[in-house]
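Visitor: Can you read through this structure? Questions will come right after.
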Amino acid sequence: MDTQEMIDLCKKHTMYTWSAGDAVSPLPIARAEGCYLYTPEGQKILDFNAQLMSVLIGHGHPKVIAAMKAQLDELIFVYPQTATAVRARLGKLLADITPGDINSFFFTLGGAEANENAIRAARLYTGRHKILTRYRSYHGGSYMGLSLTGDPRRWPSEPAAPGIVRLMDPQPYKFSFGATDEEKTANSLEYLEEVIMYEGGQNIAAMIIETVTGTNGMLPPPKGYLEGVREITKKHGILLICDEVMAGMGRTGKMYAFEHYNIVPDIVTLAKGLTSSYFPLGAMGVSDAIADHFRKNVFWGGLTYNSHPVGLATAEAVLHVMMDEGMIENAAKMQAVVRREMDELQRKHVSVLDGRVLGLFGMVDLRKNSKNEPLAPYNGSHPAMAQLGAFFRKEGLFTFTRWNNFTVNPPLCITPAQLREGFDIIDRGLELTDAAFEG
C-alpha cells in the first residue's frame, strides 16, 4: 500500500480524535525505533512528544517486545475474576515502587477509566458525592473524564456529570510574573478552604488534581501548594486523588511526580507511561484504608479487560527496563539540558514568553507583544502557530502546537545530542513567530 492510499483509506473508513475528519492531515508512519519515527518513504522524524507524552522508554524496545511475545505464548486473556502469575507480579511490583501505603491496584485500559474508577471508589468509600477539580486540568475523554476536565474539550459534552465543583488553579492563565510562589500558594489555599466551606466539607468525597498540570501548561505547583492541599483535604476527610497518567512513571525525573512535593495521595491514577503505550493499560492505586474497605464491601466497578494479561506483562517489562536502564535518572539529568536550551530560545527570540520543564516534562509559551499577551488567545489560534507546526513537520520534528505553546516531552531515553537536534529545528522555526511579534 502506498502512502497516499494509506491516508485516503484511513480518512474514508476511520474517525480521528478531536478533529473534523476532512480537516485531518494524518502523519503517515511505517515504523518507529528509539526516539524516531519513520514515514513509508523513509523520512526520519524526531519524536519530541513521545507521541501522547506516553512512549517513555522509546519505540520498539526489544526486551518489552520479547515479554509481550512470551505472554502471548503463555496466556492471552482470562476474565477478571481469575488469579494469574503476571497479575500477582505486577501488583507486588507497583506496591514496592509506590511510596506510602498505596499497595493495591485496580487495572483498566487507560487513564480515563482509571480516573472514572477513582471517582467511583472515592464516592463509595466516603459516602459523599461532590468532587473538587481545577480549571486547568484534563482527566480523560470519557464522559466522567471530561466532566472532571476544566479545559474547553469538555464544552461539547456538557452538561457534565453531577457533583463536580471546579476551582481556580494556583497559576493564573495570564502569568503573574510578579507574584511569588508563597503568595500564589497562600491565596490558593485560602480560596480552597472557602470553597469547601461553601460546598460543605461533609459533602465532598475527593479532590482530583494533575500533580503537575499537563497539556494545559506543564505547570509544576508553586512551593508549598500540594503540601497545603494535602493538609486541608485530610482535615475535612476529603480524599486526594493524584492523576499521574501523564506526569507519572518517571516523566518528571522521579517515579511519581508527587514525590517532588513530600506528599502521598489517597488514590493515584496511572496509564500512558505505565506500558510506554506498547499496550493499553491504566491503573488506580489506593491506600490500605481504602483497599481494606473494599475487601469487606463491594467495589461496584468492572470492565471486560480488567487485568488483561498482555497489558500487565507489558507494564512489568516496561517498569524493569525503565529502572534497570536508568531512564528516570536520565530524565532528571536531561532537565538541565532542556532548561539551557529553553533559556537560549528566550534570549534569541522575541516571541518566546516562557519555558518550563520538570524532568522531561516541558512546554514553551509564545507571545505576540511586549505586554506578554499570548500569541494565540485561550482556546484560539494564530496563523504563525499553524506555520510553526507545519515547519516542525516538514523539518522532521514531531511535537504538539496548541494555542500559544508547543510541548517538549521526548522519550526518557533521549540523549543530549538528540535534544539539541530538536531544539535546533525549534530555533529555526521560531523565526516564523518572531515575524508575527507586534512589538
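Every read-out reported here was derived from the displayed coordinates using simple, explicitly stated rules and does not represent laboratory data. Since we're looking at a predicted model, the values are computed, not measured. FYI the Cβ positions are ideal-geometry reconstructions off the backbone, even for glycines, and counts take in every protein chain you see.
Visitor: Considering just Cα atoms, how many Å³ per residue does the convex hull of the stretch 62-324 enclose?
Guide: Cα convex hull per residue, to the nearest whole number: 128 Å³.
Visitor: Two decimals, Cα atoms only, Kirkwood Rh: what is Rg/Rh over the stretch 259-355? Before the final figure, lay out each step's value.
Guide: On the way: Rg = 19.4 Å, Rh = 17.2 Å.
Taking Rh as the inverse mean 1/r over Cα pairs, Rg/Rh reads 1.13.
Visitor: Shifting gears a bit: Pairs on different chains or at least eight residues apart, Cα atoms closer than 27 Å: how many lysine pairs in the stretch 224-373 fit?
Guide: Count of close lysine pairs: 9.
Visitor: Moving on to the next point. Have a look at Val245, Ala186, Trp300 and report the one farthest towards the positive end of the charge dipole of the stretch 62-324, computed about the Cα centre with Cβ charges (Lys/Arg +1, Asp/Glu -1).
Guide: Among Val245, Ala186, Trp300, the one farthest towards the positive end of the dipole of the stretch 62-324 is Trp300.
Visitor: Using +1 at the Cβ of each Lys and Arg and -1 at the Cβ of each Asp and Glu in the stretch 1-59, identify which of Leu27, Leu37, Phe48 lies farthest towards the dipole's positive end.
Guide: Phe48
Visitor: Could you work out the local net charge near Met327, counting Lys and Arg as +1, Asp and Glu as -1, over the other residues with Cβ closer than 13 Å to its Cβ?
Guide: +1
Visitor: Using a 10 Å cut-off around each Cβ, can you sort Glu190, Glu431 from fewest to most neighbouring Cβ atoms?
Guide: Ordered from fewest to most neighbouring Cβ atoms within 10 Å, Glu190, Glu431 come out as Glu190, Glu431.
Visitor: Still on this model: Can you give the Rg to Rh ratio for the stretch 208-302, taking only C-alpha atoms and Rh from Kirkwood?
Guide: Using Cα coordinates only, the ratio equals 0.99.
Visitor: Can you compute log10 of I(q)/I(0) for the chain with the Debye formula, treating each Cα as one identical point scatterer, at q = 0.11, 0.13 Å⁻¹?
Guide: At q = 0.11, 0.13 Å⁻¹ the computed log10 ratios are -0.89, -1.25.
Visitor: Run the numbers for Tyr305 and His13: contour at 0.36 nm per residue of separation, minus the present Cα-Cα distance, in nm.
Guide: So the chain would gain 102.6 nm between Tyr305 and His13.
Visitor: Determine, at each q value in 0.09, 0.16, 0.17, 0.23 (inverse angstroms), the log₁₀ of I(q)/I(0) that the Debye formula gives when each Cα of the stretch 1-129 is one equal point scatterer.
Guide: -0.47, -1.16, -1.20, -1.37
Visitor: Additional query: Around Met246, with a cut-off of 10 angstrom between Cβ atoms, what is the net charge of the other residues, counting Lys and Arg +1 and Asp and Glu -1?
Guide: Values: positive: Arg251, Lys272; negative: Glu210, Asp243, Glu244.
Residues near Met246 contribute -1 overall.
Visitor: Taking the chain as a Gaussian network, Cα atoms linked when under 10 Å apart, which of Ala313, Ala32, Ala118 shows the biggest mean-square fluctuation?
Guide: Most flexible of the set in this elastic network: Ala32.
Visitor: Explain nothing, just the number: dipole magnitude of the stretch 62-324 about its Cα centre with +1 on each Lys and Arg Cβ and -1 on each Asp and Glu Cβ, in debye rounded to the nearest 20.
Guide: 440
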